[in-house]
Structure formats: C-alpha cells, structure tokens
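> Here it is, the structure, as structure tokens.
The values are calculated or read from the model by the stated rules, or taken from the named source; none is laboratory data. Because the structure is a prediction, the values reported are computed rather than measured. Backbone-built Cβ (ideal geometry, glycine too); neighbour counts: all protein chains shown. These accessible areas exclude ligands, DNA and RNA; they are computed on the full protein's heavy atoms, side chains included. Shrake-Rupley method; radii C 1.70, N 1.55, O 1.52, S 1.80 Å.
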Amino acid sequence: MTERAPLSNKISDIAESATLKVDAKAKALKAEGRPVISYAAGEPDFATPPAVVDAAREALGDPANFRYSPAAGLPALKKAIVAKTARDSGLVVEPNQVVVTNGGKQAVYQAFQVVLNPGDEVLLPAPYWTTYPEAIQLADGTPVPVFAGADQNYKVTVEQLEAARTEKTKVVVFVSPSNPTGSVYTPEETAAIARWALEHGIWILTDEIYQNLTYDGARAVSVVEAVPEVADQTILLNGVAKTYAMTGWRVGWMVGPVEAMKLAANLQSHLTSNVNNIAQHAAIAALEGPQDDAEAFRAAFDRRRRLMVEELSKIDGVTVPTPQGAFYVYPDVRGLLGREWKGRRIETSLELADLILDEAEVAVVPGEAFGPSGYLRLSYALGDDQLAEGIARLQRLFA
Ligand SMILES: Cc1ncc(COP(=O)(O)O)c(C=O)c1O
C-alpha cells in the first residue's frame, strides 16, 4: 500500500498562536483547581455594554437578518464605519472603501492577500503581534522584522526601516498603540514613517484596533491624518473587539483604496461571505451609541496600567517602559536571565515564563512569541484584585 499523501507544507509551517497556547495552558491548570492568575489573554475582562447586547436582541426579531447580506458588510454598518474613520483616523472615505470582516484578524489576512505577490517583503516592526508573520507567509510574502528595544520604547525609526528596505519591500506594518508593547508613536514619528513610505511607494498596513485605548493624553494619530497623500497606498484595519469588549462577536473591518477593497470583497465573497448580521447590528450600536461604557473601560485600564508599571518596576532586573496605549505592559527582563531561580538555570524568557507558571502559578507570554527573547508580555485586562495578587507573587518569586 502506498503511504498517505502528505498535508500542505505551507499550512504545516504555520505556528500555533503562542498567546492562545499560553492562555489555554493557564485555563487547563485552573480547571484542575490550581489558583492560576493569567496575564496572557488579549481581551478585555468586561462584559459587552448592555445597549450593544440589546441591539443584537432586537436584530434577532427581524427575519431579514436570517438571510445572506452583502459580503462586504451591511450598508448601515459601513456608514457607521465611514463616520468613525473620519472621526478617529481623519480620513473621509466612501462606503465602497470599507469591507466588514470576521474580526480584525480576517482583515489582517485579507490585506496581505490583496497586496502581496510571491517574494514581496514586508517590514514588520518587532516586537510584533504573533499573527503578522503567519498572515504574511500565507500570502507568500516574506516578513522582515525590524527590532526596536525598550531603550527606544519599542518604536522603530525611519532610519531602521530604510536600512531594511530592498527593492522587494512592498509593505510596512504600522501598529499604534502596539500589541504587544502598548507603545504609541507620536504624531511626528508617525508622519516621518508615512512620508518615508510615500517617498518609496511602499504600502502601509496600519492596524488601529487599539486606537481608542490611549492614556496620559496621548493620541494615536493615524498615518493618513498625519500625511493625507499616503491614503492611496494605505489599508487601515480596525474592529470593535478591544474598545467595546466585543472579542467574541467577531466584527472588524478594513478601509482602503477602492481597487484594493474590491479585491478584498471578492476574496471574502468566496471565503466567508457576510459577517453574522446580528453581530453587525451590535457593532452599529457600539459605534453609534453613547461611548460612556467604552470610556469607563478605558479609565479602568488606565488605573491598572499605572499599578502594573509601578509594581513591576520594583523587581530588580526588570525594566518597564510606561505604555501609553492598549492593555499590555512589555517589561525587559534580560536582567533576570543567565541566573538561577528556584534551582533552575534560566537563560531565555521562554524558560522564565515556564518558571513563573510552575512556581508562582502566574501565566505570562514570553517575548519569543513576538520577536527576540528577553521580554514578557503581561495583559492587564483582568480584575484589580487578581492583578495585584499576581504581581505580588512575581515580587516574591524574584525577591
Ligand atoms: C494588533 C491586533 N490586531 C488585530 C487583532 C484582531 O482582533 P479581532 O480579530 O479579535 O478583531 C488583535 C487581537 O488580538 C490585535 O492585537
């Protein structure tokens, strides 16, 4: 008998999402009754605002929502996205420049599929969100990480991008506020990168999913607001997940030049068709309704952020840049490496994260998931008591 033919090489090469893996391990330990505190999740711990849930309930009463709807999104949601894009990204677009996707993740995937040809290079500021390199490779592109450390607040400079540019460079990824670092580029830094991309005809894929979660008066100015001429070579990604505690609803979107969005809509029409109509109605309520709940979430994140930075900074060997956005801190823990803890020699942040889970029952994501070793990502999207208890355990472990 001939051996069964092998599975796809391309898909076999995809790494499992490291953040989901750590979170799943933490949840499994919790299910066994271990008092694990997890800083691994990339989602708000709040319930979706009641008004949004009510809108979904109401949508269930309309049989039109039980049918297929336009693949690129309900017209009413596109209208709400057009208004949001003008308000928060300073860009005026037409509804045919919007494609509503099954979460921001599908927008990331489709954006690369639409822009890249085999061998094209994508400059990827590191530390990066784990999905990026995989989505680039799935589109037959080559991710080219450009690393910025804690000393530069994890923000790349035009000089670094220019040094990595080749004639194959097609796209630069720009995520501000960033997952995993929480860094926010200043308007000047943003404009400099946008001007550089414009000068070289490079596409910008700007992920604005955390744009409403900023602190200390910082504002994440969009590349298209900073340099309006770059809009014709920019795809903006966004969604309701993070701002409105709606990760499970799966509504995101992409905004870009008409030709690019036409390709994305064609792709989506064969891949998933329309996003669940009930969820789309919920997203309309989130975007168009009162923003009080979203603001309360943001204020809570801000308070927790300050607690995290203050307390983590007390641990010797840990450097914690103050993040100005999202809900993550990204301490540089290289000072804890190359040492022995609890009788174990710890050389990498991967080993450190394992030690922390085993000894303190605290789940954190190692820097290896986002780029080089030497860092940890801690999400502060968890209740205040848990937050404080988890840090106290870390302080005891590394005392
Ligand atoms: C930077 C970034 N972009 C996009 C997403 C996608 O979010 P979703 O697919 O839940 O809308 C996430 C989620 O973790 C993210 O961190």
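> With a 1.4 Å probe and every protein chain kept in, tell me what percent of the accessible surface of the stretch 51-288 is carbon plus sulfur.
On the way: 4870 of 9110 Å².
Taking all protein chains in place, the stretch 51-288 shows 53 percent carbon and sulfur surface.
> With every protein chain left in place, what is the accessible area per residue of the stretch 51-288 in square angstrom, probe 1.4 Å? Kindly include the intermediate steps, with their values, before the conclusion.
Working: 9110 Å² over 238 residues.
Solvent-accessible surface per residue comes out at 38 Å².
> To the nearest Å, what is the center-to-center distance of the stretch 62-87 and the stretch 199-219, using C-alpha atoms only?
Result: 24 Å between the Cα centres.
> Please sort 106-116, 316-326, 14-24 by packing, taking for each peptide the average over its residues of neighbouring beta carbons within 10 angstrom, highest first. Numbers along the way, then the final one.
Values: 106-116: 24.1, 316-326: 20.2, 14-24: 16.0.
Order by mean packing, descending: 106-116, 316-326, 14-24.
> Run the helix sum for the chain: -39,500 (n - 2.57) per DSSP H stretch of 4+ residues, divided by residue count, reported at 222 nm to the nearest 500 deg cm²/dmol.
Numbers: 14 runs with 162 residues, N = 399.
When only DSSP H runs of four or more count, the value is -12500 deg cm²/dmol.
> Quick check: residue separation of Glu3 and Asn117 times 0.36 nm, minus the Cα distance between them. What number comes out in nm?
Values: separation 114, 0.36 × 114 = 41.04 nm, distance 3.36 nm.
Extra length available between Glu3 and Asn117 comes to 37.7 nm.
> Round to the nearest 10 and give me the degree value, 0 to 90, for the angle of helix 75-89's Cα axis relative to the longest principal axis of the chain.
60 degrees
> Under 19 Å from the Cα of Lys79, which lysines turn up, not counting those fewer than eight places away in the same chain?
The reachable lysines, counting only those whose Cα sits under 19 Å from Lys79, are Lys262.
> Against the longest alpha carbon principal axis of the chain, how many degrees, from 0 to 90 and to the nearest 10, is the axis of helix 349-360 turned?
Tilt of helix 349-360: around 70 degrees.
> Take the alpha-carbon centre of the stretch 33-60, take the same for the stretch 298-356, and report the distance between them in whole Å.
Taking the Cα centre of each part, the stretch 33-60 and the stretch 298-356 sit 26 Å apart.
> Checking the table Lys25/Lys314; Lys105/Lys168; Lys105/Lys242 against a 19 Å threshold on Cα-Cα, which pairs fail? If you can, show how the numbers build up before the last one.
Working: Lys25/Lys314 28 Å; Lys105/Lys168 25 Å; Lys105/Lys242 12 Å.
Checking Cα-Cα distances, Lys25/Lys314; Lys105/Lys168 exceed 19 Å.
> To the nearest µm²/s, what D does Stokes-Einstein give for the stretch 51-288 at 37 °C and 0.692 mPa s, using the Kirkwood radius over alpha carbon pairs as Rh? Before the final figure, lay out each step's value.
On the way: Rh = 17.9 Å.
Translational D for this selection: 183 µm²/s.
> Which loop-located GluC sites (Glu not before Pro) does the stretch 26-133 contain, where loop means any DSSP state but H, G, I, E or B and the Cβ has at most 13 other Cβ atoms within 10 Å? It would help to have the intermediate numbers written out before the result.
On the way: sites: Glu32, Glu58, Glu121; in loops: Glu32.
Answer in residue order: Glu32.
> Normalised by the number of residues in the stretch 120-204, what is the relative contact order in percent for Cα pairs under 8 Å and 6+ residues apart? Before the final figure, lay out each step's value.
Values: 116 pairs, mean separation 27.5, N = 85.
Once divided by the residue count of the stretch 120-204, the mean separation gives 32 percent.
> Moving on. Under a Cβ-only charge scheme (Lys and Arg +1, Asp and Glu -1), can you give me the dipole magnitude of the stretch 51-288 about the Cα centre, in debye to the nearest 20? Don't skip to the end; give the middle numbers.
Working: 16 positive and 24 negative charges, 145 e Å.
Using only the charged Cβ atoms, the result is roughly 700 debye.
> Expressed as a whole number of Å, what is the distance separating the alpha-carbon centroids of the stretch 1-24 and the stretch 228-247?
Comparing the Cα centres of the stretch 228-247 and the stretch 1-24, I get a distance of 29 Å.
> Rounded to the nearest 10 degrees, what's the angle between the helix 103-115 long axis and the longest principal axis of the chain, both from Cα atoms, 0 to 90?
Its long axis makes an angle of about 70 degrees.
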